[in-house]
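For reference, the structure discussed in these notes is given below.
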Amino acid sequence: MTELHSTNNSVLSHHEREEIDHWLARYPEDRKQSALLGALRAVMHGENYVSVEKMDAIAEYLGLPAIAVYEAASFYSMFETDPSHAARYSISVCTNVSCMLNGSDSILSHIEKKLGIKAGQATPDKKFFIKVEEECLAACCNAPMMQVNHVYHTDLTAEKVDSILDGLE
Amino acid sequence: MSQELVTLEIDGQTLQARPGSMLIEAADAAGISIPRFCYHKKLSVAANCRMCLVEIEKAPKAMPACATPVSANMKVHTRSEKTRAAQRDIMEFLLINHPLDCPICDQGGECELQDVAMGYGNNQSNFQEIKRVVPDKDIGPLIETAMTRCIQCTRCVRFGEEVAGLRELGATGRSERMEIGTYVSKAVVSELSGNVIDICPVGALTAKPSRYTARAWEMRAHPSIAPHDAVGSNIEFHSFDGRIIRAVPRDNEAVNECWISDRDRFSYEGLYAHDRLTQPQVRQEDGSWRVVSWQEALDAVATILHHIDANRSAAFVSPTASVEEGYLLQKLMRGLGVNNIEHRLRQVDFNHADSSSASLNLAELEQQNLIVLLGANSRFEAPLLNHRIRKASLKGAKVVAINPQALDYNFDVQQVVVDSANLLNAVASLALAVAESAGGLPQALRNLNVQATDEARAWAEQLRSAEKKTILVGGLAAQHPAFGALKALSNYIGEQTGAVVSVLPSANSVGLSLAGVVPAPNAETDLNRLLASDLNTLVLVNVEPEDFAYPEQALKAMQAADQVIVIAPFADDRAREYASVLLPAATFAETAGTFVNIEGRWQSFKGAMQPKQEVRPVWKILRVIGNSMNLSAFDYMSAEEIVAEVKLETQGGKAAKTSGLPEQLVTSTLSQLPQPVHMYRTDSLVRRAKALQEMVALTPNAVSGV
């Protein structure tokens, strides 16, 4: 690749650039790709999804081909790339074997009914998004469980779900 | 050496292999076939298709031959029951999501998946669920996609990163939702992109211009040589029903390896342009055109040539012409006393005779430690030569590019931007720095009145200390008013530092220069002064105004001439205005010929197709004209006979190398610099290739001077 252009990257916010620089500092000069996941996390944290515009800006900032950023963002399930999935709280209800045996299906349909949306959709006020979760989230001993953003909630009942979701700003 | 090799056994055959090499390489070298999809000898190992699983004694499971290094006393079985079972299972997996649309798939009949399924697969599947469907992507005018057929071998992705140097395709999503594509809708624009069509083992990526035109088993293959750049890539035309359907690479490690550029791959479309000339025609008194017999047309040509005013006549030939065509043209013109003969149509400075020695070796280019590009947009001038530079760069060579503007290279390069007016001084300063340490100061450098800067001294030191070094003077330099001086200085620097110096010629320019398609020393040697002079008779062999550095000036000269004999495959409306006679000529695909590449490598080819209708090979047309003008020694029976004569006259093509600097370096004065030409507008055939023309707008920076 040709030399990295030192551009005045205005698409990335000051905070996002700071965050990327923080990760860049931890790796050797010629290993800029190491900061890619950190960059995507920073964008995801701010906007609740990563747009193509942001991904292109990250690619330019890190001197990567844009497709390398698209690949990473589309591979990891914690990054949303569809703007209609952007919401402040991303809810993942585990529906894998242990949770399923302990009634995760009814937990999921309870949440769907409560929020008035289906799995894979976000509420119109962009507060909640129910993610289609296929993987075991590794909390089988306390099934059924769900993850809201980074927090695990275990031993779920409909009432417990209500109080968790109602307690969120 | 033998101690360094590892001895192993494959299928009971004892083999020796380089330590660190993979099993599949050892098997390939011994001619033992192991099925594979993701492995490609020119790409990195991915080991994701698992088709090459083989049984290795003492290993608990079958191992992928592409990712298992050889080791001493390894015993491998490629046909054992364990291996066969692994192959059958993998084949079943790969076919789970592959559609059964072989009857309408362009890859059908030349599909690795079909072949391997036939050879190693099972005849039934346990899979009863629904196959996945992947939406097709529009990735531009050259490559057709059918992504449901993709088996995710990632050869195309690795090709982009490792060979094209432009990562455009990628694998997005994961698991069963993984797709190969560009993610955002965009065209793939690499100048080597068409190669993914060849390396795709299935019908996911096929050639768009030739889709649905013929089946692989119906086509006939004809070896040929590509004419569009000075690499001379080895190609193969595939024809069906008397028509060329496509062009593909022919392996030649020394020249193009197993790749070709998109220009060489898709230019054949131009053969069937609507303004293809198929009948000889003569202009009537009233300006209208009459289709005539060859005899009548040649009589008209003879009448013109009998009354020729040698000093006010000129012959121009496209740099894509073969050695035979160029040689006969200059022989004819010289026989008529005309010395204004030229093929270097985009060059603007003709001072200091060519001293290019064709000493460059493409394969050795990738072994260099230091490569200096002077006025060379190498990616677009000669994509596969650029690929060698890129390989050198990846191996750690330092590449320096001195250009009038920053350019888009696909490897690490230190760009030194010197504006056009100061380019000569910058190179002279370097020559001076080289001369200082060499001791003597040539008169030419004394006269130039430049100083050796500290920067120049640092470069000179780098040039001296690098072990293997090459200076490549490119097409942008050819459009510089001090081209001759730049070449002379580069040669001087090369002589003093031991660097190989090569001028990147356009197309078959090396061959045409050897064949004498240049003005005689006593004629007007400056093409642009010649065009501005009062020319009244022109002979144009496959030449159009766009082939010149200044198309408008060239068109004016053509319009102003009383007689213009056009020998060409095409005639557009402008040609019908300025021409007196139109003689339909065969292209390189329809006649035998020889091209000489940048290395001085002579490559002869046969015509792939018979010329249609009244089209005739240029060398035959020129032979008949020569005979009708009663010139001696014009009785050639074949192209081979002509090229043998050229070889004899040029002692096998060893051009004389001039050495030392001339006393005074001379430059041209230009009222304006020429516009660089887009890589898909360089010659008449390419300009008529439809798909490539669609690429022009998508690749605005793909310009050069050759």
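The values are calculated or read from the model by the stated rules, or taken from the named source; none is laboratory data. If you're wondering where the values come from, they're calculated on a predicted model, not measured in any experiment. Heads up, the Cβs are rebuilt from the backbone with ideal geometry, glycines too, and the neighbour counts pull from every protein chain shown. Only protein heavy atoms, including side chains, enter the accessible area calculation; ligands, DNA and RNA are left aside. Shrake-Rupley method; radii C 1.70, N 1.55, O 1.52, S 1.80 Å.
In table form, for the structure just shown:
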item: Matching option when the condition is part of a helix (DSSP H, G or I), among the basic types (K, R) and either open to solvent by 60 Å² or more (accessible area, probe 1.4 Å) or more than 14 Å from chain B (Cβ to nearest Cβ) (or both), among A:K126, A:K113, A:K118; result: A:K113
item: Enumeration of residues in region B:434-453 that are among the small types (G, A, S) and more than 14 Å from B:A485 (Cα to Cα); result: B:A435, B:S437, B:A438, B:G439, B:G440, B:A452
item: Residue check for B:L370: closer than 17 Å to B:K487 by Cβ and open to solvent by less than 30 Å² (accessible area, probe 1.4 Å); result: no
item: Residue satisfying condition, being over 29 Å from the mean Cα position of the chain (by Cα) and hydrophobic (A, V, I, L, M, F, W, C), within set B:V696, B:V703, B:V646, B:V624; result: B:V624
item: Residue ranges of strands (runs of 3 or more DSSP E) in region B:1-85 with at least 1 members open to solvent by 50 Å² or more (accessible area, probe 1.4 Å); result: B:6-10, B:13-17, B:75-77
item: Any chance A:M44 is touching a residue at least 12 places away in the same chain (Cβ under 8 Å), more than 12 Å from every other protein chain (Cβ to nearest Cβ), under 24 Å from A:E135 (Cα atoms) and open to solvent by 50 Å² or more (accessible area, probe 1.4 Å); result: no
item: Residues within region B:358-367 that are in contact with a strand residue (DSSP E or B) (Cβ under 7 Å, 6 or more places away or on another chain), open to solvent by 10 Å² or more (accessible area, probe 1.4 Å) and at pLDDT 95 or above, tallied; result: 0
item: Subset of region B:121-157 that is among the hydroxyl-bearing types (S, T, Y) and at pLDDT 95 or above - its residue that is nearest to B:I180 (Cα to Cα); result: B:T154
item: Test result for A:G103, assigned by TED's automatic domain parsing to the domain that holds A:E16 and either farther than 26 Å from B:S185 by Cβ or surrounded by fewer than 18 Cβ atoms within 10 Å (Cβ to Cβ) (or both); result: no
item: Filtered residues of region B:401-459 (kept if under 28 Å from B:K391 (Cα atoms), open to solvent by less than 60 Å² (accessible area, probe 1.4 Å) and assigned to a loop (DSSP other than H, G, I, E, B)); result: B:P404, B:L407, B:Y409, B:N410, B:F411, B:V413, B:V418
item: Test: residue in region B:613-631 that is within 28 Å of B:P383 (Cβ to Cβ), part of a helix (DSSP H, G or I) and touching a strand residue (DSSP E or B) at 6+ places or on another chain (Cβ under 8 Å); result: yes
item: A:V69 being at the interface with chain B (Cβ under 10 Å from one of its Cβ atoms), in a helix (DSSP H, G or I) and open to solvent by less than 10 Å² (accessible area, probe 1.4 Å); result: yes
item: Residue count for region B:385-400, restricted to those that are within 14 Å of another protein chain (Cβ to nearest Cβ) and open to solvent by 10 Å² or more (accessible area, probe 1.4 Å); result: 5
item: Neighbours by Cβ (under 7 Å, 6+ apart or cross-chain): first from region B:635-650, surrounded by 13 or more Cβ atoms within 10 Å (Cβ to Cβ); second acidic (D, E); result: B:A639/B:E324; B:I642/B:E324; B:V643/B:E324
item: Residues satisfying the stated conditions in region B:104-119, i.e. open to solvent by 40 Å² or more (accessible area, probe 1.4 Å), closer than 19 Å to B:M147 by Cα and of a type outside the set (D, E, K, R); result: B:I104, B:G109, B:Q114
item: Verdict on B:S506 being at pLDDT below 95 and assigned to a loop (DSSP other than H, G, I, E, B); result: yes
item: Flag for B:V116 being under 19 Å from B:V6 (Cβ atoms) and in contact (Cβ under 8 Å) with a residue 12 or more places away in the chain; result: no
item: Subset of region A:47-61 that is within 14 Å of another protein chain (Cβ to nearest Cβ) and buried (at least 21 other Cβ atoms within 10 Å of the Cβ) - its residue that is nearest to the chain's Cα centre (by Cα); result: A:V50
item: From the options A:E3, A:E29, A:E19, residue that is acidic (D, E), at pLDDT below 95 and outside any loop (DSSP other than H, G, I, E, B); result: A:E19
item: Lone unmet requirement of (1) over 22 Å from B:M147 (Cα atoms); (2) surrounded by 17 or more Cβ atoms within 10 Å (Cβ to Cβ) for B:I90; result: (1)
item: Filter pass, B:D101 being surrounded by 16 or more Cβ atoms within 10 Å (Cβ to Cβ) and within 30 Å of B:H238 (Cβ to Cβ); result: no
item: Among residues of region B:278-322, those that are open to solvent by less than 20 Å² (accessible area, probe 1.4 Å), in contact with a Leu (Cβ under 7 Å, 6 or more places away or on another chain) and among the hydrophobic types (A, V, I, L, M, F, W, C), counted; result: 7
item: Tally of residues being open to solvent by less than 10 Å² (accessible area, probe 1.4 Å) and in contact (Cβ under 8 Å) with a residue 60 or more places away in the chain across region B:164-189; result: 2
item: Options A:S106, A:S77, A:S84; residue that is closer than 18 Å to A:P144 by Cα and either part of a loop (DSSP other than H, G, I, E, B) or away from chain B (no Cβ under 14 Å) (or both); result: A:S106
item: Failed item in (1) away from every other protein chain (no Cβ under 14 Å); (2) in a helix (DSSP H, G or I); (3) open to solvent by less than 30 Å² (accessible area, probe 1.4 Å), with A:I91 passing the rest; result: (2)
item: Residue match in region A:18-35 (condition: open to solvent by 10 Å² or more (accessible area, probe 1.4 Å) and touching a strand residue (DSSP E or B) at 6+ places or on another chain (Cβ under 9 Å)); result: no
item: Where a residue in region A:122-133 is among the hydrophobic types (A, V, I, L, M, F, W, C) and its partner, wherever it lies, is open to solvent by 80 Å² or more (accessible area, probe 1.4 Å), with Cβ under 8 Å and at least six apart; result: A:F128/A:R88; A:F129/A:Q121; A:I130/A:K118; A:I130/A:Q121
